[in-house]
Amino acid sequence: MIEKAELQDLVRDAAACVRATNPMAPSITNTVTINFVANAQIAVGGSAAMVYLPDEGEAMAAAGPAMYINVGTLLPIYEETLPRTAARLAELGKPWVLDPVAVGIGEMRTKLLAGFKEQKPTIIRGNASEVIALADLWGLEGAGGESTVRGVDSTQGVDEARAAAVAIARYTGGAVAVSGEVDLVTDGEVVALSHGGSQFMTQITGSGCSLGGVCAVYAACAKTPLAAALAAVNVYNLAGARAEAKVKAPGSFQAAFLDELYLATPEDIAANPFDLEEA
């Protein structure tokens, strides 16, 4: 089991590498949140590129060191774009992040997410209900629970998704980040519970989607998927708490939050409070 101090060092190193190298993490993401995803990626020190055409997806898979795929608002062309992009990422051995938004709703979304099982995403970022539903869709043993997905909202708690998150991480060999009041990050061997955040994060559009994009930025630099996912979750919890202390409403929070993502140092990010447990 990795020690907490060692994991903190990996998180700090990933954040420092991002600031030093400005990695591009292209995204195929929710059309509702494209702007926020791009701005968050830039704020933490990365570079953004938003694509949706099949050939662009394959090209960006080759061009960037990591990539983000979000199935939130699907267009018909994504039935071709997403499998081709995921296959190219797998072929190249590039890290990539999957956000299984609203898994189980609609035939195309279900088909696409079922297909991603073979590509084994490096990091999966979702709410509790989505993580439970994805583990069920993939037929993973030991996942437990029954999902009650309601659009992009979770109707279940992070604790209820723990077994599913661990099962997915063990299957993929990567990491899973479950967003909630206390965020859970696991690689199937350990579970990190990251503290902080803000009540306003549930009152703006795109906090989860942009977190997935930031996971991809850190995946471009981190030595392990767990370090990348925890770096992203930690910086979000840190920036959320700091932003809420300065504002009184969601609109101003969003701007303050981006500012705090930008201002967070690698040392700040590594030091954000989290508990580490055996999975």
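The values are calculated or read from the model by the stated rules, or taken from the named source; none is laboratory data. All values derive from a computational prediction rather than experimental measurement. Cβ coordinates were reconstructed from backbone atoms using ideal geometry, including for glycine residues, and neighbour counts include every protein chain displayed.
With the structure loaded, tell me whether VAL178 is of a type outside the set (Ser, Thr, Tyr), buried (at least 24 other Cβ atoms within 10 Å of the Cβ) and not in a loop (DSSP other than H, G, I, E, B) or whether it fails that test.
Here the answer is yes, as VAL178 does meet what is asked.
Screening the candidates GLY196, GLY157, GLY188 for the property of being over 20 Å from GLY142 (Cβ atoms) and part of a loop (DSSP other than H, G, I, E, B) yields one hit, GLY196.
The listed residues are THR172, THR85, THR81, and the only one of them that is crowded, with 24+ Cβ neighbours inside 10 Å, of a type in the set (S, T, N, Q) and at pLDDT 95 or above turns out to be THR85. Every test in (1) touching a residue at least 60 places away in the same chain (Cβ under 8 Å); (2) within 17 Å of THR33 (Cβ to Cβ); (3) surrounded by 24 or more Cβ atoms within 10 Å (Cβ to Cβ) is passed by ALA239 save one, and that test is (1). The residues of the stretch 109-138 that are outside any helix (DSSP H, G or I) and touching a Gly at 6+ places or on another chain (Cβ under 6 Å), listed by number, are THR122, ILE123, ARG125.
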